[in-house]
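Below: one structure, written as structure tokens.
The values are calculated or read from the model by the stated rules, or taken from the named source; none is laboratory data. Everything numeric here is computed off the predicted structure, so don't read it as measured data. Cβ: placed from backbone, ideal geometry, glycine included. Neighbour counts: every protein chain shown. Please note that ligands, DNA and RNA were not included when accessible areas were found on the heavy atoms of the full protein model with its side chains. Shrake-Rupley method; radii C 1.70, N 1.55, O 1.52, S 1.80 Å.
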Amino acid sequence: QPAAAAVRVIDLEPQDDRWRSPYTGWTRAHHEAVFGRLLLGFVDHRSPDGARTRYAGGEQLPAAMEGAVRMLPALEAWLACACNPERVRVDGREIDVAALARDIVVNGTDPRSRDYWHPIGKGWDQRKVEAAMVASILVHARERVWDRLDAFEQIRVMNWLRPSDEP
């Protein structure tokens, strides 16, 4: 079965392994458990279009945008390694990691989306900070995110990112 079609089951309470990791007992399974908990929290609090979050007290921009964009480094770390499948099962729930990343990037940068983050402004703009995380996932998980966007989506993303070049 191809890796992309596989599903990794993430155990949220892995056993310590003091033989392989004598100081902490932590193995890859423990790091996957942290990732799994982050995924569950994000999925439970993301907007219907997926490019904003609805955490209590942070429902408005820029906090709602930050809640989604700040998930990108974790998604990027998972998707950047071809050894990881795109789908995981956590606490009985199957989650498509690549689709989550795509929803954040595409819907956040699309002016027609309810989740649109609005243009990056001149001077200091919080969106410039977030743009770095958007660009990073597009580079490091290119095959699973950027390469799957159609030409119009790629142009929209680049148009949204372009003003972040200005200091």
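Data table
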| read-out | value |
| --- | --- |
| Sum of -39500 (n - 2.57) over DSSP H runs of 4+, divided by residues of the chain (222 nm, nearest 500) | -13500 deg cm²/dmol |
| Contact order relative to length of the chain, as percent, for alpha carbon pairs under 8 angstrom and 6 or more apart | 23 |
| Dipole of the range 40-167, positive end: most advanced residue of 123, 78, 105 [Cβ charges, Cα centre] | 123 |
| Beta bridges by DSSP in the chain, antiparallel share as percent, to the nearest 5 | 55 |
| Burial ranking of peptide ranges 13-20, 153-160 (average Cβ count within 10 Å, highest at the top) | 153-160, 13-20 |
| Protein accessible area in the chain, 1.4 Å probe - carbon and sulfur % | 54 |
| Charged-residue dipole, Cβ positions (Lys, Arg, Asp, Glu), the range 42-92 about Cα centre, Debye nearest 20 | 40 |
| Contour excess over end-to-end distance, with Cα ends at residue 149 and residue 15 and 0.36 nm allotted per residue | 44.3 nm |
| Rounded Å value of the spacing that divides the Cα centres of the range 73-134 and the range 148-167 | 14 |
| Ordering of 143-150, 21-28 by packing [mean C-beta count within 10 Å, highest first] | 143-150, 21-28 |
| Residue-normalised accessible area of the chain, given per residue in Å² at a 1.4 Å probe | 55 |
| 5 angstrom amide H check on residue 87, placed H, neighbours 5+ away | 8, 97 |
| Matching label, Kirkwood radius over Cα pairs in Å computed from the structure shown, candidates (i) 17.4; (ii) 16.2; (iii) 16.8 | (iii) |
| Qualifying trypsin sites (Lys or Arg not before Pro) in the range 95-125, DSSP loop, other Cβ atoms within 10 Å at most 10 | 112, 122 |
| Quarter of Cα convex hull surface for the range 107-167, i.e. mean projection, nm² | 4.1 |
| Furthest towards positive pole of dipole, 38, 50, 23, structure part the range 18-61, Cβ charges | 23 |
